[in-house]
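Report on one structure; see the data block that follows.
The values are calculated or read from the model by the stated rules, or taken from the named source; none is laboratory data. Here the structure is a predicted model, which is why all the values come from computation and not from measurement. For neighbour counting, all protein chains shown are included, and Cβ atoms are generated from backbone atoms with ideal geometry for every residue, glycine included.
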Amino acid sequence: LFPRNLKWKTTNVTFRIVNYTPDMKASEVDRAIHNALKVWSDVTPLVFRKLHKGTADIMIAFGSKEHGDFNPFDGPNGLLAHAYQPGNGLGGDTHFDEDETWSTDSTGYNLFIVAAHEFGHALGLSHSEDPGSLMYPVYSFSKGFPLSEDDVHGIQSLYGPNPNPPKVKPHPEAPKKCDPLLSFDAVTKLRGETIIFKDRFYWRLHPQMVDVEQSLIKMTWPVLPNKVDAAYESAEKDLVYIFNGIRMWALNGYNLVEGYPKYIHKLGLPKTVRRVDAAVQITGTGKTLLFTDEDYWSYDEYSGTMDKGYPRSIEDDFPGVGEEIEAAFYEYGHLYLYRGPIQFQYSYTSKRVVGILRANSLLNC
Amino acid sequence: FPLSAEDSEKGEDNWHFAEKYLRKFYGLAPGIEGLQKSSSSMSLVIKEMQSFFGLEVTGNLDPDTLEMMHMPRCGVPDIGEYN
């Protein structure tokens with residue numbers, strides 16, 4: 001919240017669209033603004049009324065550089081928009097940088113998402129530190145209902161909940177790294193760092209840093225889906241492979257490799273396999289292990305074919321780790337396998353589990 | 001090795017960019033910073049920004065911090081009150 005918890009004194013708030021961007025049709029702008037306000041009225045008792053003339057509480061305008069409030073924009077990119085906290089005069093007013101390219105989709109900056117964020121300010125919310133929240137100050141494109149639980153808690157602490165709430169599901173708060181029950185979706189190495197996927201987020205762990213960095217997957221790799229089932233790095237090819245359902249993506253750093261996504265069946269998996277739970281390349285062998293349900297497969301990176309004799313049982317070949325695996329990575333002769341909140345350290349040379357820790361020991365917890 | 005002229009210019013650009021960013025969003029006082037030399041006030045403000053974004057808190061203008069400063073964002077300050 002802003003200092004002094006500023007808010008509108010009434011639940012009836014008026015808005016007016018003063019001008020339009022030429023980047024979109026006027027009807028598309030109207031629709032984006034309507035939907036952005038609806039995001040907040042869905043979770044509060046607030047009612048928004050559109051004015052066509054005169055002064056509204058929230059005056060919405062597009063402008064570039066210095067645009068009348070001594071708070072100039074900066075040309076393309078950088079600052080996208082700003083809005084003033086509730087109050088008289090400029091209070092509640094919302095300005096969009098006309099030097100940006102606005103769009104209804106992800107081709108430019110999505111007006112609906114930016115407007116929903118700015119209206120959060122116009123209603124009394126400040127910025128959030130939760131990278132998965134709408135009120136995080138950095139733009140990222142995503143589909144669906146944009147509010148997280150953090151946003152909902154914030155706005156409802158000012159205005160209360162909607163007495164007749166529609167069925168909307170806010171995103172859960174960003175996972176906490178030291179939650180003792182934390183489990184991982186996927187773990188991979190990436191150019192010497194460790195990347196840990198969980199829900200819409202990933203943590204980035206540098207070998208020489210104690211602190212880990214949490215970000216939205218979409219913020220770094222907009223082409224990827226919101227959830228990752230499995231991931232592994234082929235260090236020789238400088239590629240990271242990402243799995244979700246029956247699709248896989250190859251990434252070279254930030255960039256999607258041409259020709260992807262591909263079906264996982266191109267690797268030689270049968271059509272009955274609908275997802276890969278975990279994937280890991282055993283450094284120096286050219287072999288990649290793909291874990292699916294209670295079995296695992298061995299893929300030869302050099303020949304591009306699945307090894308004969310697979311699938312084999314996880315329980316038989318990795319005694320002590322259980323039947324199924326959710327994430328895996330390999331480092332210094334050890335295979336790290338994850339199931340629920342548990343990490344199994346499996347020695348590849350002695351073929352046995354040599355350590356069991358909580359999964360988030362990887363995050364220095 | 002000494003920095004090439006190009007690298008040095010890039011460093012200056014980054015420094016000016018970071019100063020502008022921190023003035024706009026973190027209330028860094030203008031006109032007190034020496035070029036290429038992190039004063040304690042600048043370092044404090046960088047730490048504040050790094051802490052907000054969950055970056056490693058070093059107080060230095062490291063590549064991750066600069067990268068975050070270059071990301072498209074909202075123009076409402078993270079810290080401090082609008083007047």
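Suppose we filter region A:56-75 for residues that are assigned to a loop (DSSP other than H, G, I, E, B), at pLDDT 95 or above and either under 28 Å from the mean Cα position of the chain (by Cα) or away from chain B (no Cβ under 14 Å) (or both); how many remain? Here the count works out to 2. Report yes if B:LEU55 is over 17 Å from A:SER128 (Cα atoms), within 14 Å of another protein chain (Cβ to nearest Cβ) and at pLDDT 75 or above, otherwise no. Here the answer is no, as B:LEU55 does not meet what is asked. Of the residues making up region A:76-113, those that are more than 8 Å from every other protein chain (Cβ to nearest Cβ), within 17 Å of A:THR21 (Cα to Cα) and among the hydrophobic types (A, V, I, L, M, F, W, C) number 5. Determine whether region A:227-236 contains at least one residue that is farther than 21 Å from A:ASP300 by Cβ and in contact (Cβ under 8 Å) with a residue 60 or more places away in the chain. Scanning region A:227-236, I find no residue that is farther than 21 Å from A:ASP300 by Cβ and in contact (Cβ under 8 Å) with a residue 60 or more places away in the chain, so the answer is no.
Strands (runs of 3 or more DSSP E) fully within region A:292-365 that include at least 3 residues being of a type in the set (A, V, I, L, M): A:352-358. Report, by residue number, each residue of region A:162-204 that is of a type in the set (Lys, Arg) and in contact with a Phe, Trp or Tyr (Cβ under 7 Å, 6 or more places away or on another chain). Selection gives A:LYS169, A:LYS177, A:LYS189, A:LYS198. Across region A:3-30, the number of residues qualifying as of a type in the set (Val, Ile, Thr) and either over 23 Å from A:GLY68 (Cβ atoms) or in a loop (DSSP other than H, G, I, E, B) (or both) comes to 4. Residues that are over 18 Å from A:LEU123 (Cβ atoms) and of a type in the set (S, T, N, Q) within region A:1-58 comprise A:ASN19, A:THR21, A:SER27, listed in sequence order.
When region A:93-130 is filtered for residues that are more than 17 Å from A:ASP151 (Cβ to Cβ), assigned to a loop (DSSP other than H, G, I, E, B), touching a residue at least 12 places away in the same chain (Cβ under 8 Å) and within 20 Å of the chain's Cα centre (by Cα), the ones remaining, listed by number, are A:THR104, A:SER106, A:GLY108. For region A:31-46, a residue qualifies if it is within 18 Å of A:PRO86 (Cβ to Cβ) and in a helix (DSSP H, G or I), and the qualifying residues are A:ILE33, A:ALA36, A:LEU37, A:VAL39, A:TRP40, A:SER41. Only residues that are of a type in the set (Gly, Ala, Ser), crowded, with 20+ Cβ neighbours inside 10 Å and touching a residue at least 60 places away in the same chain (Cβ under 8 Å) were counted across region A:141-186, and they come to 2. For region A:289-319, the tally of residues that are polar (S, T, N, Q) and more than 16 Å from A:TYR346 (Cβ to Cβ) stands at 3. Within region A:120-132, the set of residues being more than 16 Å from A:SER157 (Cα to Cα) and either crowded, with 23+ Cβ neighbours inside 10 Å or more than 11 Å from chain B (Cβ to nearest Cβ) (or both) comprises A:GLY132 only. Candidates in region A:197-230 are the residues that are within 11 Å of chain B (Cβ to nearest Cβ) and not in a strand (DSSP E or B); of these, the one that is nearest to A:PRO172 (Cα to Cα) is A:MET219.
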